[in-house]
Structures are given as C-alpha cells and as structure tokens.
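So the structure is just underneath, and the comments pick up after that.
Values in this text are rule-based calculations from the coordinates and carry no lab data. Every value quoted in this text rests on a predicted model; they were computed, and no experiment measured them.
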Amino acid sequence: MFLFSYFISKEIILPIKRLAHAMKKVGETKINIEVVKKPKNEIGEIISGFNQMIKRIDDLFTLMIEIERKKRKSEIDMLKYQINPHFLYNTINSIRFSAMKHKDEITTNMLITLSRLLRNTLSHKSNLIQLKKEMQTIRDYIILQQLRYDNKLNVEYNIEGKTQHLYVPYMILQPIIENSIMHGLNLKLNSGGFANIILNSYLDDNNTHIISIYDNGGGIASPIMENIMEHHSNIVSDSTQIGLYNIHKRIRLQYGEPYGIEIQSVVGEYTNVKFILPVIRNMEESIPISFDQIENYTSERSG
C-alpha cells in the first residue's frame with residue numbers, strides 16, 4: 001500500500017498539482033510558463049498538450065505585440081506624408097505667384113480650397129475613412145495643383161458608386177498623387193505637354209477593393225521598381241520610394257497578404273500604382289491574424 005500510494009502520488013497527484021498550479025499562473029496572465037516534469041502516461045500527454053498550447057498562446061501574444069509595434073511605427077512614418085512640408089511650401093508659393101498674377105478671385109479660391117483641405121486633414125483622427133470623404137481631400141489637393149499649373153493638369157475620376165461608401169486606410173492616396181505630379185508629370189507640366197492622371201476605384205470581387213492611380217509621366221526605372229517593395233537601402237533612397245514602401249508596409253501590417261501595393265511602370269511612358277485592399281463596409285470590420293502568420297512567425301523565431 002505504501003509503494004502504491006507513493007506511485008500514485010508521484011505519477012498522478014503531483015503532476016496534476018503542477019498542472020493546476022501552471023493553469024492558475026496562466027489565469028494570472030503569466031503566459032510564459034511550462035510544466036517541466038511529465039510522467040509517461042495520459043497525464044503526461046495532457047501536460048504536453050498544455051505546454052504546446054501555452055507556447056502557441058505566447059507566440060500569438062508576441063506576434064500581436066510585434067505587429068502593433070510595427071503598425072505604430074508605420075503610422076508615425078505616414079504622419080510625415082500627411083502634411084508634407086514640400087506640399088505646403090509649393091502651395092504657399094502657388095498662392096504667392098497667383099496673387100501676383102491675378103490678385104483676386106483665383107487667389108480667394110485657392111485659399112478657400114487650401115483651408116478646407118487642411119481642416120479635413122488635421123481633424124480626422126481614425127485610421128480609416130470613407131472613400132467619398134478621402135476623395136474630397138484628393139479633389140481639393142488636385143484643384144490646388146491645377147491652379148498652380150494653369151489648368152495644364154488633366155484628371156479623370158472613374159469611381160464605381162458601390163465603392164463610395166467603403167472604408168480605406170486614411171491618407172494613402174494623396175502621397176501617390178503628389179508623387180505623380182511632382183515627379184512623374186513635372187517635366188510635362190513645365191514644358192506644356194499633356195499631363196494626365198486617371199484615378200480608378202472598383203471591386204475586383206466581393207472581397208477585394210482596387211484603387212489605381214495612373215499617370216502618363218516619366219515612369220520608374222526598372223531596377224528601382226523591382227526593389228522598391230523590399231525597401232533595399234542601396235536603391236530605395238528618396239522620399240518618393242520611401243513613401244511607396246511605407247504605404248505598402250502599412251497596408252500589409254494592417255491586413256496581411258495579399259493586400260498592399262502593386263506598381264507597373266515603363267520609363268518615359270507611364271506609372272500605375274494599384275492599391276489592393278479588403279472590402280471594408282464599416283469601421284468595426286477587421287481581418288484577424290491567420291494561423292499561417294503565427295506559424296511563419298514561430299518558424300522564424302525558432303530558426
């Protein structure tokens with residue numbers, strides 16, 4: 001009886017007590033814990049399963065913390081592009097030159113448009129915005145640029161009605177429009193050529209929202225375009241390329257694959273930046289982290 005009691009105590013009761021103690025610690029949010037001694041019986045299998053579950057939970061928490069950290073950094077990076085100092089500088093210069101040239105109605109319209117643009121930009125606090133509201137900001141920005149370039153800039157809007165009320169990440173379109181005007185179309189705008197931007201929004205299927213910004217400007221050189229999404233420091237150096245990478249990273253961190261940015265470009269002919277987004281019909285909708293992401297992250301850590 002003594003030996004039997006000793007066996008029961010060692011092989012069953014003590015492991016169960018260790019398991020119960022570990023469960024209590026987990027309940028106190030101490031996730032990183034493991035039951036070390038495991039008997040070679042059914043109790044041991046339960047303990048092994050518990051250890052694996054705790055490791056998975058710990059990996060998930062670590063992944064969530066890392067993703068949130070990267071999202072915060074990405075959002076901070078994007079703040080640099082929300083109110084671009086070059087944009088303000090160019091706009092102020094535009095108003096000054098317009099005031100010298102016209103001194104009346106056009107200057108007033110530019111000031112009104114700029115005031116509305118800044119008010120809408122600075123007052124928005126959420127990470128998401130309805131496309132129709134974002135488009136108002138884009139239209140105001142484009143109006144200012146058209147006035148700056150004496151209406152030499154032509155812009156076409158092809159926005160499907162059913163995408164107007166969808167939500168998109170805030171302030172992802174304006175930096176691309178700005179790049180198109182300041183870099184892609186700059187030569188044509190200053191030499192009297194035909195400068196054109198086409199902005200499309202449509203549903204590719206029930207789960208994918210596509211927004212594309214096309215310009216017939218100078219294009220992006222092939223080596224830069226091939227490496228821009230990987231953010232290779234020896235190639236991606238200027239603010240245009242960093243801005244594209246940051247927007248891509250922001251979308252990818254928020255929604256995972258296959259969402260993000262795709263770029264098509266031919267030097268001297270065109271650039272087409274395509275946003276691949278989930279269909280978000282209200283502010284509460286979100287895409288959970290998949291177990292594939294957890295597995296990949298766990299593999300990277302163990303590797």
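Using 32 Å as the Cα-Cα cut-off, could you pick out the over-long pairs in Lys162/Lys249; Lys152/Lys274; Lys132/Lys249? Write down the numbers at each step before the final one.
Working: Lys162/Lys249 27 Å; Lys152/Lys274 24 Å; Lys132/Lys249 24 Å.
Flagged as over cut-off: nothing, all pairs pass.
Going from the alpha-carbon gyration tensor of the range 122-167, what semi-axes, largest first and in whole Å, does one get by taking the root of 5 times each eigenvalue? Could you put the intermediate results ahead of the total?
Values: eigenvalues 111, 47, 5 Å².
Its equivalent ellipsoid spans semi-axes of 24, 15, 5 Å.
Full extension from Asn151 to Asn127: what is 0.36 nm times the residue separation minus their Cα-Cα distance, to one decimal in nm? Kindly include the intermediate steps, with their values, before the conclusion.
On the way: separation 24, 0.36 × 24 = 8.64 nm, distance 3.25 nm.
Gain on extension, Asn151 to Asn127, equals 5.4 nm.
Rounded to two decimals, what is the ratio between the C-alpha radius of gyration of the range 93-212 and 2.2 N^0.38 Å? Before the final figure, lay out each step's value.
Details: Rg = 15.6 Å, N = 120, 2.2 N^0.38 = 13.6 Å.
Taking the Cα Rg and dividing by 2.2 N^0.38 Å, one obtains 1.15.
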